[in-house]
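Colleague: Let me begin by handing over the structure; questions about it come next.
Every number here is computed from the coordinates shown, using simple stated rules; none is lab data. Worth saying up front: this structure is predicted, and the values here are computed from it rather than measured. Cβ placement follows ideal geometry from the backbone for every residue including glycine, while neighbour counts extend to all protein chains displayed.
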Amino acid sequence: MTRLYNDPVKFVDEATEGFVAAHAQHVCQVPGGVIRSTRSEPGTVAVVIGGGSGHYPAFAGLVGQGLAHGAVMGNLFASPSAQQVYNVCKAANNGGGILLSFGNYAGDVLHFGQARERLIREGIPCEVVEVTDDISSASHAELPKRRGIAGDLTVFKTAAAAAEEGYSLEEVTRVSRAANLRTRSMGVAFDGCTLPGADDALFHVPEGKMAVGLGIHGEPGISEQAVPSADELAELLVSHLLEEIPDGVASANGARASVLLNGLGSIKYEELFVVYRRVSQLLEKAGIDTIEPEVGELVTSLDMAGASLTLFWLDDELERLWRAPVNSPAYRKGSLKPAAPIDASKLDIPDEEAIPPASEASAEAAHCINEALGAVRKLIDDNAEELGRLDAIAGDGDHGIGMQRGVVAASEAANQALTRNAGAGTLLHLAAEAWADRAGGTSGAIWGVMLNALSSTLGDHDKPTADHYAQALTKARSDVMNFGKAKAGDKTLVDALLPFSATLEQQVKDGDNLASAWGKAAAAATEAAEATADMIPQIGRARPLAEKSRGTPDPGAKSLAMIVNTVHDVIKRHQG
């Protein structure tokens, strides 16, 4: 378990502060993460990586000469927000465009994608490469659905080495995608990991068993078997990886590959070396020429007891880039002449947003919305553990704590906005950004989208009417479905949002006042959320363990239904 911490809520912030203090020669902190503290060649591509915290040395430990130019750091096992990604990109930009690379998780895809669109609108070229190396998470036919695990390193390293050589953004993107397509990983776990302050692990593996095919966020494996010997584990991992040789590699015999044997937190170096002994023998027997292998902790999951094996199948170009020198806090090879330090005062860091003027009617509505956010905050505080329990059945169990982080941040941002005389639209916008920024993950992105839909519809001038709210929720429904790609029946928040927004729209059209219309819509959302218990997840982290979730309502749909019912209580009080 994670034993050393102060306030669990501040764990990531304090860990980041300590990391930067220990590695100031490599990195400096910026809003949202870290960037190199040394100069890069002007006009070159900046490689920005990232994801949730809890995986050190990924992601911050991989920032430095020859590797990433910046790392965006979300909360524990939660994707960073689009604002965090944008902030780090602006600070890391060298003028040659930006490559964003990260593991293929829904929240990361959403947030990094949003940031990319914003950068492009500002005239900064930006491309995205999602890492999809985990063969256990989807079939070869569904390769784009695979998640990224320890193979992150091969893609990040390839992209960064190409950028150091002066490749254009188009060429850096090309070789990093080639590296991804030639990277295959598989992992196992003997027990789950424990978040700071938690009483128990996110999941447990039965005594004497091993979970096969785990993910780095604490997702359970897709099967279980008896704990093998070290040699038997090596044989299992190697045999599975050799069953799927990437396109472009004629055969294993005579091929070149780098090998990464990765410890996930509690499996230490001596144990890994025992396993690697047999891995090396098996690869040699298969006729594979092993190039600069790595054994150690490369992508962890806090204190998870587990390991993964990665094969990175090389060609001439990829081998040259893999061998290129690196000097970062957690990963080094070869020799580099130290670069000069940057001038931190000249970094491009976005300023705090100004508060635009608001009408008296909008300011009054802002007070009501702030009260509703406060009520939702209490609701989530009281139910975070239960939401986490629902999520842990087929996911990673962080929905409750993620919602809690998000609503606390949104409520605090709303309170601060009121002291600055914000209108309803601006208050909701600041709450949306805070929610997405602090919660991270898919749910953070989704709630940011929904609150921003309300923000843009209500604005800062008109007195919000029932029709305004109906229009806002219709827009929220459209934006969420467009953004997250979920549809009815996928077993997500959308299954509750659709009937809620449709009922609200219809009841307002029929002449109901806001309290009456909202109440009927909330009832429809509640019924729909409960009905998700009979569904099987079609997207997201729960999809590989779909059958385990049958009989349990979707936590995202459940939390939305709970929230709209709580907001209804606030509306009733204000309408008498």
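Colleague: For the stretch 8-335, what is the convex hull volume of the alpha-carbon atoms per residue, in Å³?
Modeller: Dividing the Cα hull volume of the stretch 8-335 by its residue count gives 121 Å³.
Colleague: Mind checking which aspartates and glutamates have their Cα closer than 15 Å to the Cα of Lys487? Skip sequence neighbours fewer than 8 apart in that chain.
Modeller: Within the straight-line limit of under 15 Å, Lys487 reaches these aspartates and glutamates: Asp479, Asp495, Asp554.
Colleague: If you put +1 on each Lys and Arg Cβ and -1 on each Asp and Glu Cβ, how big is the dipole of the chain around its Cα centre, in Debye rounded to 20?
Modeller: The dipole of the chain has a size of about 500 debye.
Colleague: Compare the peptides 499-510, 275-286 by average per-residue count of other Cβ atoms within 10 angstrom and give them in order, highest first.
Modeller: Result, highest mean first: 499-510, 275-286.
Colleague: Which value in Å is the Kirkwood Rh of the chain over different Cα pairs? Working shown, then result.
Modeller: Working: mean 1/r = 0.0408 Å⁻¹.
Result for the chain stands at 24.5 Å.
Colleague: If I model a spin label as a point 7 Å beyond the Cα along the Cα-Cβ vector, how far apart are those points for Ala502 and Arg332 in nm?
Modeller: About 6.1 nm separates the two model spin labels.
Colleague: Let me ask something additional. Given the chain, what percent of its DSSP beta bridges are antiparallel, to the nearest 5?
Modeller: In the chain, approximately 60 percent of DSSP beta bridges are antiparallel ones.
Colleague: What's the extension gain from Asp13 to Tyr269 if we count 0.36 nm per residue and subtract their Cα-Cα distance?
Modeller: 89.4 nm
Colleague: What FRET efficiency do you get for Asp462 and Glu41 if R0 is 51 Å and r is their Cβ-Cβ distance, rounded to the nearest 0.05? Spell out each step's value before the answer.
Modeller: Working: r = 51 Å, r/R0 = 1.00.
Efficiency at R0 = 51 Å is approximately 0.50.
Colleague: So, one more: Under the 0.36 nm per residue contour assumption, what length would be gained going from the current alpha-carbon distance of Val227 and Gln575 to full extension?
Modeller: Fully extending the segment from Val227 to Gln575 adds 119.1 nm.
Colleague: Residue separation times 0.36 nm, minus the C-alpha to C-alpha distance between His204 and Glu364: what's the value?
Modeller: Working: separation 160, 0.36 × 160 = 57.60 nm, distance 4.98 nm.
Stretched out fully, the His204 to Glu364 stretch lengthens by 52.6 nm.
Colleague: With the cut-off at 20 Å, report for the stretch 360-575 the share of all Cα pairs above it, as a whole percent.
Modeller: Numbers: 12650 of 23220 pairs.
Summing the P(r) of the stretch 360-575 above 20 Å gives 54 percent of all pairs.
Colleague: Still on this model: Can you give me the distance in nm between label points at Phe483 and Asn6, each placed 7 Å from the Cα along the Cα-to-Cβ direction?
Modeller: Each label point lies 7 Å from its Cα, and together they span 3.3 nm.
Colleague: Put one equal scatterer on each alpha carbon of the stretch 136-204, apply the Debye formula with no solvent term, and list log10 I(q)/I(0) at q = 0.12, 0.23 1/Å to two decimals.
Modeller: Here log10 of I(q) over I(0) equals -0.49, -0.97.
Colleague: Same structure again: Can you tell me the relative contact order of the stretch 375-462? Whole percent, Cα pairs under 8 Å, sequence separation 6 or more.
Modeller: After rounding, I find 26 percent.
Colleague: Pairs of Cα atoms under 8 Å, at least six residues apart: use those to get the relative contact order of the chain, whole percent.
Modeller: Details: 1306 pairs, mean separation 75.0, N = 576.
Averaging sequence separation for qualifying contacts and normalising by length gives 13 percent for the chain.
Colleague: Quick one: if the Förster radius is 51 Å, what FRET efficiency do Asn415 and Ala286 give, using the C-beta to C-beta distance and rounding to 0.05?
Modeller: 0.25
Colleague: Can you check what the Kirkwood hydrodynamic radius comes to for the stretch 268-413, Cα pairs only, in Å to one decimal?
Modeller: Details: mean 1/r = 0.0455 Å⁻¹.
This gives a value of 22.0 Å.
Colleague: If you don't mind, another one. Taking the alpha-carbon centroid of each part, what is the distance from the stretch 291-356 to the stretch 1-63 in angstrom?
Modeller: Measuring centre to centre over Cα atoms gives 11 Å.
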